[in-house]
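Student: One structure, as structure tokens, below. Some questions next.
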Amino acid sequence: MTDFSITRTAFHIPDGVIYLDGNSLGPVPLAAEQRAREVIGREWGEMLITAWNRAGWMDMPRRVGDRIARLIGAAPGTVVMGDTLSIKVYQALAAALDLRPDRKVVLSDSGNFPTDLYMAQGLLRSLNRGHELRVVAPEEVEDAISEDVAAVMLTEVDYRTGRMHDMAALTRKAHEVGALTLWDLAHSAGALPVDLAGAGADFATGCTYKYLNGGPGAPAFIYIRPDLAEQVEPALSGWLGHEAPFAFDPDYRPGRGIERMRVGTPPVIQLAILDAALDVWDGVDMHDLRRRSIELTERFIAGVEGECPGLALVSPRDPARRGSQVSFAFEEGYAAMQALISRGVIGDFRAPDVMRFGFAPLYVGEDDVDRAVRILAEIIATSGWDKPEFRRRSAVT
Ligand SMILES: *Cc1c(COP(=O)(O)O)cnc(C)c1O
């Protein structure tokens, strides 16, 4: 059994704060600062350029990728780190389209995160081969998987509502008609058990600064089904994805397997911090995590529905169809969230009216849920949100 009272001690949560926004940016793991100090002082500082070999910097994208692989049901050697999620989506989609040259449709849904759709739009424009990005409602995806579809590009857990797609079923349907799948795990990795290999997913991507607590700007990950990897001709054919980067050959030749999805110099300090952030997962069983996450989200929903009239649940009520976040619609959601934050309960807001709360079992407990409900109920009952300072919009919501 995973002991969540121990995982909680691995993080710094500021005094008085109930942190319900780890789905956007996880808190600082206590091990992160020391690890960053070591990399800067002992490795970069003392070893200088020799650290690429002596401190194993060059292998970090693969080594850290293996640690993520365990959390997403992928075999060792099938995940590599680098760049940002937007870039990894671009690479994965480009590879999928390249493997299905006769098909011209990318299927996605309107619940997908905008950058995924934007990256697809940019890629299709530069390919200029008559592709179409077909965006349907989330519940229409299954029926829309047809024989003209090259790639089904979905985010498993909807960033706004927490609604979860059935990865195994949709992947099966896609394969039945000869399409490939690209799963974005931004709100899945570290939030719930994922079984990429079991589902037969073709490509997957995700970021590491949300539930994996790698810090702002932490590198993203990319997965390719092992038997497909060798067929992929990378669109972003950078030198570190080359078969022999230090041969300085003028012509590109893809590296072995997933290594070819590397592009340029890895962000060593961020990778080291992420590596430290992943230590806590060694003691975590993902099924225990899921059970705990459901307990917390159920408790929060019951509390808010009991005590906060005017807020409407927009997340699926069935916990099996929901990720590790809960969203409520409230007309004055923006101001109410600012009022909550001023009282130490940190969630976030997504336009037009969604108040979003993430529940990361590693450091959120029942007491936090109960206190958050109590404070929210008070703000709603007293219209405590109705102040000019809570209506002023910041750049990042
Ligand atoms: C958070 C998130 C992103 C962010 O992409 P970055 O390139 O890391 O800024 C992309 N896609 C999804 C689905 C997300 O949830």
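The values are calculated or read from the model by the stated rules, or taken from the named source; none is laboratory data. Keep in mind that what you see is a predicted model, and the values were worked out from it rather than measured. Positions of Cβ are generated from backbone atoms using ideal geometry, with glycine treated the same way; all protein chains shown enter the neighbour counts. Each accessible area value is taken on the protein alone, full model and side chains, heavy atoms only, with ligands, DNA and RNA left out. Shrake-Rupley method; radii C 1.70, N 1.55, O 1.52, S 1.80 Å.
Student: Give the average over all directions of the projected area of the C-alpha convex hull of the stretch 298-340, one decimal, in nm².
Tutor: Values: hull surface 12.7 nm².
Mean orientational projected area (the stretch 298-340, Cα hull): 3.2 nm².
Student: When the C-alpha atoms of the chain are aligned to their principal axes, what extent does each axis show, in angstrom, from largest down?
Tutor: Projected onto the principal axes, the Cα atoms of the chain cover 68, 56, 43 Å.
Student: Which whole DSSP H helices in the chain pass both tests: a Cα extent of 18 Å or more along the axis and a mean Kyte-Doolittle value no lower than -0.5? The partial results should precede the final answer.
Tutor: Numbers: long enough: 85-99 (21 Å, 1.21); 114-127 (20 Å, 0.19); 286-307 (31 Å, -0.62); 366-381 (22 Å, 0.29).
Long hydrophobic helices here: 85-99, 114-127, 366-381.
Student: Can I ask one more? With N set to the residue count of the stretch 260-365, report its C-alpha Rg divided by 2.2 N^0.38 Å to two decimal places. Numbers along the way, then the final one.
Tutor: On the way: Rg = 17.3 Å, N = 106, 2.2 N^0.38 = 12.9 Å.
Taking the Cα Rg and dividing by 2.2 N^0.38 Å, one obtains 1.34.
Student: Now for a separate question. Largest first, how would His187, His287 line up by accessible area (1.4 Å probe)? Spell out each step's value before the answer.
Tutor: Values: His187 10, His287 115 Å².
Output order, biggest surface exposure first: His287, His187.
Student: Grab the eigenvalues of the alpha-carbon gyration tensor for the stretch 188-338, scale each by 5, take roots, and send me the semi-axes largest first in whole angstrom.
Tutor: Working: eigenvalues 318, 61, 48 Å².
Equivalent-ellipsoid dimensions as semi-axes: 40, 17, 15 Å.
Student: If you stretched the chain out fully between Ala137 and Ser5, how much longer would it get, using 0.36 nm times the residue separation minus the C-alpha to C-alpha distance?
Tutor: Working: separation 132, 0.36 × 132 = 47.52 nm, distance 3.98 nm.
Length difference between fully extended and current span is 43.5 nm.
Student: Further question: Could you tell me the center-to-center distance, by alpha carbons, between the stretch 175-216 and the stretch 65-106 in angstrom?
Tutor: Cα centroid to Cα centroid, the span is 9 Å.
Student: Using 0.36 nm per residue of separation minus the Cα-Cα distance, give me the extension gain between Glu33 and Arg256 in nm, one decimal.
Tutor: On the way: separation 223, 0.36 × 223 = 80.28 nm, distance 3.36 nm.
Gain on extension, Glu33 to Arg256, equals 76.9 nm.
Student: Can you give the accessible area per residue of the stretch 11-89, in Å², using a 1.4 Å probe? If you can, show how the numbers build up before the last one.
Tutor: On the way: 3820 Å² over 79 residues.
Accessible surface, normalised per residue, equals 48 Å².
Student: Between Ile40 and Ser237, what's the calculated FRET efficiency when r is the beta-carbon distance and R0 is 30 Å? Round to 0.05.
Tutor: Values: r = 31 Å, r/R0 = 1.04.
Here the calculated transfer efficiency is 0.45.
Student: Another question, then. Using a simple spin-label model with points 7 Å from Cα along the Cα→Cβ vector, what separation in nm is obtained for Thr397 and Ser383?
Tutor: It works out to 2.2 nm between the two label points.
Student: Rounded to whole Å and sorted largest first, what semi-axes of the equivalent ellipsoid does the C-alpha gyration tensor of the stretch 1-110 yield via the square root of 5 times each eigenvalue?
Tutor: Numbers: eigenvalues 210, 122, 40 Å².
So the equivalent ellipsoid measures 32, 25, 14 Å along its semi-axes.
Student: Full extension from His12 to Arg317: what is 0.36 nm times the residue separation minus their Cα-Cα distance, to one decimal in nm? Intermediate values should be presented prior to the final figure.
Tutor: Values: separation 305, 0.36 × 305 = 109.80 nm, distance 3.15 nm.
Length difference between fully extended and current span is 106.6 nm.
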